[in-house]
Amino acid sequence: MEALSLRRQLAATLFLLGSIHMNAATKMTSADFGTTPEGATARIYTLTNKNGLEARITNYGGIVVSLKTPDRNGAMADVVLGFDALAGYISSPSPYLGALIGRYGNRIGHARFTLDGVEYKLAANNGENSLHGGTHGFNQKLWTARELPDGGLELTYLSKDGEEGYPGNLKAVVDYHLTDSNELRIDYSATTDKDTVLNLTNHSYFNLKGQGQGDILGHLVMLNAKQYTPVDAGLIPTGELRAVSGTPFDFSRSIAIGTRIEQNDDQLKLGKGYDHNWVLNRSGKALSLAARVVEPSTGRVMEVSTTEPGVQFYTGNFLDGTIKGKGGKAYQQRYGFCLETQHFPDSPNKPKFPSTVLKPGQQFYSTTVFKFLK
Ligand code: BGC
């Protein structure tokens, strides 16, 4: 009698667990992805939604390794650049393919900033400037992964006080969800035990024709911005907020990336194409549309929404074909574009830009959603 009821209880529990799993918005599986230089095992998590969209994310650098979305006929293609195996990300970290970027996304001028009267020196890994968190940014760290009950993937990283020159023990938590509305949603949160600066983003390179399928010049882009932040020769913002109107930087109406990219324009020359921060039109802090990208030949459409004040639109100008990515595809110049939602580059040295300071007791939150339509 007792054994029977125990068995019943067990059956009921198993049923409950099974139904929780079935009700979860996303299915998740995981596997080993390779060994880090420190000898740890990285994992790769495959998230699949009810429409068959699939995102593969590794806890090494929080990298989005692949992202399969349908074209207008339902044919799936992988729309992000990357490598088939962990070794590629380890040997070629510098294009930051698909990675989580921190502690500070994009550049800090002269690799230093002053906070509360103290000057902090960072690694100069991009000329005299610091780029994407320094020599060993968050993109090269093994994050602690947790599969969330709702089908999301939570990644946590504790960046120690002084790491890459930044003050404060910073706990960063990044959640990835692939929703049944065909969105890849990234929620960032962080806390610190000392005043610090913070700018987190994701560095996925998209090609909505499919990764390795040629350049991105025919993609039609709309950026929801009236201004951008022009740069100097080191790609550090000058501090000016410049109107896009009447310039090749005006994407307020959808236009092909390639239409004006070779124009004789000083800012385009400095970036070797588009590699600038746009100041997003926004009212308040709610999630709002930053960009819409249409790929006419496949019908794939991507909308990017964010709570961040800016977006770095980078057209893969520094790719040069030396990197062989997934399926052995050589990633040539402009084979991918990034829409890195962010605070403006060099904000720690630009008091007029929105602040990137995080203080003890404050909770940092930020959300970016990549939505796929056709
Ligand atoms: C930067 C580029 C850089 C690229 C890859 C972008 O966010 O703005 O200048 O080359 O990342 O490192």
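The values are calculated or read from the model by the stated rules, or taken from the named source; none is laboratory data. Not measured: the values here are computed from a predicted model. Cβ coordinates were reconstructed from backbone atoms using ideal geometry, including for glycine residues, and neighbour counts include every protein chain displayed. Note: areas computed on protein heavy atoms with side chains; ligands, DNA, RNA excluded. Shrake-Rupley method; radii C 1.70, N 1.55, O 1.52, S 1.80 Å.
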* Select from region 344-373 the residues that are closer than 17 Å to LEU280 by Cβ and of a type in the set (A, V, I, L, M) and list them in ascending order. => VAL369
* Is there a residue being among the basic types (Lys, Arg) and surrounded by 22 or more Cβ atoms within 10 Å (Cβ to Cβ) anywhere in region 26-39? -> no
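Name the strands (runs of 3 or more DSSP E) wholly inside region 136-190 in which the number of residues that are open to solvent by less than 30 Å² (accessible area, probe 1.4 Å) is 2 or more.
Working: elements: 144-147, 153-159, 170-178.
Fully inside region 136-190 and qualifying: 153-159, 170-178.
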* Asked: Which of the residues spanning region 278-291 are of a type in the set (S, T, N, Q) and open to solvent by 40 Å² or more (accessible area, probe 1.4 Å)?
  -> ASN281, SER283
* Those residues of region 172-202 which are more than 20 Å from VAL79 (Cα to Cα) and hydroxyl-bearing (Ser, Thr, Tyr), in sequence order -> TYR188, SER189, THR191, THR192, THR196
* Candidates GLY52, GLY88, GLY39, GLY82, filtered to the one that is within 16 Å of the ligand (Cβ to nearest atom) and assigned to a loop (DSSP other than H, G, I, E, B) -> GLY82
* Selected residue (criterion: nearest to the ligand (Cβ to nearest atom)) from residues of region 278-291 that are closer than 27 Å to LEU53 by Cα and in a loop (DSSP other than H, G, I, E, B) -> LEU287
* Considering only region 110-135, state which residues are buried (at least 20 other Cβ atoms within 10 Å of the Cβ) and either away from the ligand (no atom under 12 Å from the Cβ) or part of a strand (DSSP E or B) (or both). => ALA111, PHE113, LEU122, ASN129, SER130, LEU131, GLY134
* Tally the residues that are open to solvent by less than 20 Å² (accessible area, probe 1.4 Å) and in a loop (DSSP other than H, G, I, E, B), restricting the search to region 363-374. => 0
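Could you tell me which residue of region 322-351 is surrounded by the fewest Cβ atoms within 10 Å (Cβ to Cβ), considering only residues that are polar (S, T, N, Q) and assigned to a loop (DSSP other than H, G, I, E, B)? So that I can check it myself, show each step before the final result.
Applying the first criterion (polar (S, T, N, Q)) to region 322-351 yields 322, 332-333, 341-342, 347, 349.
Imposing the further condition that a residue be assigned to a loop (DSSP other than H, G, I, E, B) reduces the set to 322, 332-333.
Values: THR322: 10, GLN332: 16, GLN333: 15.
Checking each candidate, the answer is THR322.
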* To do: Collect the residues in region 76-97 that are open to solvent by 30 Å² or more (accessible area, probe 1.4 Å) and either out of contact with any helix residue (DSSP H, G or I) (no Cβ under 7 Å at 6 or more places or on another chain) or of a type in the set (S, T, N, Q) (or both), keeping them in residue-number order.
  => MET76, ALA85, ALA87, ILE90, SER91, SER92, SER94
* Structure fact -> How many residues of region 55-74 are in contact with a Ser or Thr (Cβ under 8 Å, 6 or more places away or on another chain), over 15 Å from LEU100 (Cβ atoms) and open to solvent by 40 Å² or more (accessible area, probe 1.4 Å)? The answer is 1
* To do: Among the residues of region 292-321, count how many are open to solvent by less than 20 Å² (accessible area, probe 1.4 Å), under 22 Å from HIS132 (Cα atoms) and assigned to a strand (DSSP E or B).
  => 7
* With (1) surrounded by fewer than 16 Cβ atoms within 10 Å (Cβ to Cβ); (2) within 16 Å of the ligand (Cβ to nearest atom); (3) not in a loop (DSSP other than H, G, I, E, B) as the list, and LEU100 as the residue in question, which single condition is left unmet? -> (1)
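Got a sec? Which strands (runs of 3 or more DSSP E) wholly within region 194-277 have at least 1 residues that are open to solvent by 20 Å² or more (accessible area, probe 1.4 Å)? Let's see the steps before the verdict.
On the way: elements: 201-203, 220-223, 225-229.
Hits in region 194-277: 220-223, 225-229.
Got a sec? Which of PRO360, PRO354 is under 30 Å from THR196 (Cβ atoms), touching an Asp or Glu at 6+ places or on another chain (Cβ under 7 Å) and not in a strand (DSSP E or B)?
On the way: PRO354 fails: touching an Asp or Glu at 6+ places or on another chain (Cβ under 7 Å).
Unique residue meeting the criteria: PRO360.
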